Amino acid sequence: MVMNPVTPIVLANRYCENCVLRGCEKLLAARDRALEFNERYFPASIDTLFVAESPPTSFCEQPDRYFYASGKVRYGTLFYFTMSTLFEEDIKNRENRDKQHFLNRFKEKFYLIDMAKCPVDKLQEDEKAKAITSCSKYLKDELFSLKFRNLVFIGKGSFKRIEKYLNLNPKSVVLPLPFGSQKNVEDFKNELRRAISSHN
């Protein structure tokens, strides 16, 4: 049973006609697999909806590299930094263990979707901007149809590209990506802690 009502719309490529990635079979296949994983972890109710940039391009070749994909917890990934912030005490003894434990805990009140449904992290900046803009229609539909209390975007640059296409009625929090430097990691974790604690 489909939980996210926008998933079948994405799979039908409803808004993909003018996308720069149209016809990129490898990226579309990664998109479809990512959406399948997302469906498995749709919560009964969403307290906080996370919106990441996109599935990583590495997911095209490595089936465990998406946030919701099964596999081991890998240090340095969005998954690791998110879970180590939300479930700080729990992850200390589980760094080399399966992600399933944390995915089940995450599903209790959190859900993650992507601004761009296809991987865009390795694209040139102009192509990335165009792909994110094309996907803004899907995201707009999701923000309208999904019921959630809090909205957290991950990736300030991507958020700037897409913000003008969205009707953001709920107040949203925008986090930096936890990559590139220790400062970015600390800023991500500190801002995520504040975002979650301010709504508890």
Self-check item: the range 73-106 - residue that is farther than 21 Å from PHE188 by Cβ and charged (D, E, K, R) and, of those, modelled with the lowest pLDDT
Solution: ARG97
Practice problem: Take the range 142-171 and flag every residue that is surrounded by fewer than 17 Cβ atoms within 10 Å (Cβ to Cβ) and in a helix (DSSP H, G or I). | Solution: PHE144, SER145, LYS156, GLY157, LYS160, GLU163, LYS164, TYR165
Quiz item: Where residues in the range 47-70 are under 18 Å from LYS128 (Cβ atoms) and among the small types (Gly, Ala, Ser), which of them is surrounded by the most Cβ atoms within 10 Å (Cβ to Cβ)?
Solution: SER54
Practice problem: Answer yes if at least one residue in the range 108-119 is surrounded by 15 or more Cβ atoms within 10 Å (Cβ to Cβ), more than 12 Å from the chain's Cα centre (by Cα) and among the hydrophobic types (A, V, I, L, M, F, W, C), and no otherwise. | Solution: no
Practice problem: Within the range 84-93, identify whether any single residue is closer than 18 Å to ALA131 by Cα and hydroxyl-bearing (Ser, Thr, Tyr), and answer yes or no. | Solution: no
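The values are calculated or read from the model by the stated rules, or taken from the named source; none is laboratory data. Predicted model, so just to flag it, every value in this text is computed and none were measured. As a convention, Cβ positions derive from the backbone with ideal geometry for all residues, glycine included, and neighbour counts pool all protein chains shown.
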